[in-house]
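**Student:** Provided herewith is a single structure, encoded as structure tokens, for subsequent inquiry.
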Amino acid sequence: MIAVIDYDAGNLKSVEKALKYLGEESIVTRDFKEILAADKVILPGVGAFGEAMEHLKHYELDKTIREVVEQKTPFLGICLGLQLLFEGSQESGGVQGLQILEGEIVKIPDKPGLKIPHIGWNSLHLQNQGRLFEGIGEGVFVYFVHSYYLKAKDEKIVKACTDYSTQIHASVEQGNVFACQFHPEKSSNTGLKILQNFAKAGKVG
């Protein structure tokens, strides 16, 4: 069973639909018992960093997420769900993230001819043998929607990058924690393969 965390930050239906297509049983929930009992957990999300952290704290899901990570349950953050795993974001100065991973979320720099937010398909450069990308070739295209991006402190956790005005850390893995800045659930067959790889991930340690 895969628990998809509901904290009023949208993007739940498309994740649920993609998992159903793959034949994976899932539940959309904010019940901490259901989340802790799940085999895998996904934190999706679109919207503002500060507001999302407020919602997580309101439902005490910040504590639940930390417990899931401590339990070594495979955990996947998607889009805003990736950003929340880190220390903080320029979007919401002074608001602490979940601080599960080290790095900062910063604004995509302006560049002539490029629109922000970055909305659309970009190719990935794969590195450091990410488990989410098993069976996936170099240069595949995935779908992004974001104005802020990750600069991870430790390059070794970065499994995929993309270029849009600057180099963007597009996917990271550390132990049982996986995260994608792009939307696998909206990234056609490549995205479905990424979700399938996550669904196959076992506990680490």
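**Student:** Quickly run through the stretch 177-205 and pick out the residues that are of a type outside the set (G, A, S), at pLDDT below 95 and not in a helix (DSSP H, G or I).
**Tutor:** So the first thing to find is which residues in the stretch 177-205 are of a type outside the set (G, A, S), and the list is 177-178, 180-186, 189-190, 192-198, 200, 203-204.
Still in the list and also at pLDDT below 95: 200, 203-204.
Across the stretch 177-205, the qualifying residues are K203, V204.
**Student:** So L192 ticks every box in (1) open to solvent by less than 40 Å² (accessible area, probe 1.4 Å); (2) touching a strand residue (DSSP E or B) at 6+ places or on another chain (Cβ under 8 Å) but one. Which box is left unticked?
**Tutor:** Status for L192: all satisfied but (2).
**Student:** Considering only the stretch 134-156, state which residues are open to solvent by less than 60 Å² (accessible area, probe 1.4 Å) and within 23 Å of V46 (Cβ to Cβ).
**Tutor:** Across the stretch 134-156, the qualifying residues are V140, V142, Y143, F144, V145, H146, S147, Y148, Y149, L150, A152.
**Student:** Moving on to the next point. Looking only at residues in the stretch 29-42 that are open to solvent by 80 Å² or more (accessible area, probe 1.4 Å) and assigned to a loop (DSSP other than H, G, I, E, B), which one is nearest to C79 (Cα to Cα)?
**Tutor:** R30
**Student:** Let me ask something else about it. Pick from G23, G45, G10: which is open to solvent by less than 30 Å² (accessible area, probe 1.4 Å), in a loop (DSSP other than H, G, I, E, B) and free of Cβ contacts under 8 Å to residues at least 40 places away in the same chain?
**Tutor:** Working: G23 fails: open to solvent by less than 30 Å² (accessible area, probe 1.4 Å); G10 fails: open to solvent by less than 30 Å² (accessible area, probe 1.4 Å).
Of the residues listed, the single one that is open to solvent by less than 30 Å² (accessible area, probe 1.4 Å), in a loop (DSSP other than H, G, I, E, B) and free of Cβ contacts under 8 Å to residues at least 40 places away in the same chain is G45.
**Student:** Kindly list the number of the only condition in (1) in contact (Cβ under 8 Å) with a residue 24 or more places away in the chain; (2) over 24 Å from I65 (Cβ atoms); (3) open to solvent by 10 Å² or more (accessible area, probe 1.4 Å) that fails for K186.
**Tutor:** If we test K186 against (1) in contact (Cβ under 8 Å) with a residue 24 or more places away in the chain; (2) over 24 Å from I65 (Cβ atoms); (3) open to solvent by 10 Å² or more (accessible area, probe 1.4 Å), just (2) comes out false.
**Student:** For the stretch 48-76, give me each residue that is assigned to a loop (DSSP other than H, G, I, E, B) and open to solvent by 10 Å² or more (accessible area, probe 1.4 Å).
**Tutor:** Listed by number, the residues that qualify are A48, Y59, E60, Q71, K72.
**Student:** Mind counting the residues in the stretch 122-133 that are without any contact (Cβ under 8 Å) to a residue 60 or more places away in the chain and open to solvent by less than 30 Å² (accessible area, probe 1.4 Å)?
**Tutor:** Our first condition is that a residue be without any contact (Cβ under 8 Å) to a residue 60 or more places away in the chain; within the stretch 122-133, this holds for 123-130.
From the residues that got through so far, the ones that are open to solvent by less than 30 Å² (accessible area, probe 1.4 Å) too are 124, 130.
Residues that pass the stated criteria total 2.
The values are calculated or read from the model by the stated rules, or taken from the named source; none is laboratory data. Small disclaimer: the values here were computed from a predicted structure and weren't measured. Virtual Cβ from ideal backbone geometry, glycine too; neighbours counted across all protein chains shown. We work out accessible area using only protein heavy atoms, side chains counted, and drop any ligands, DNA or RNA first. Shrake-Rupley method; radii C 1.70, N 1.55, O 1.52, S 1.80 Å.
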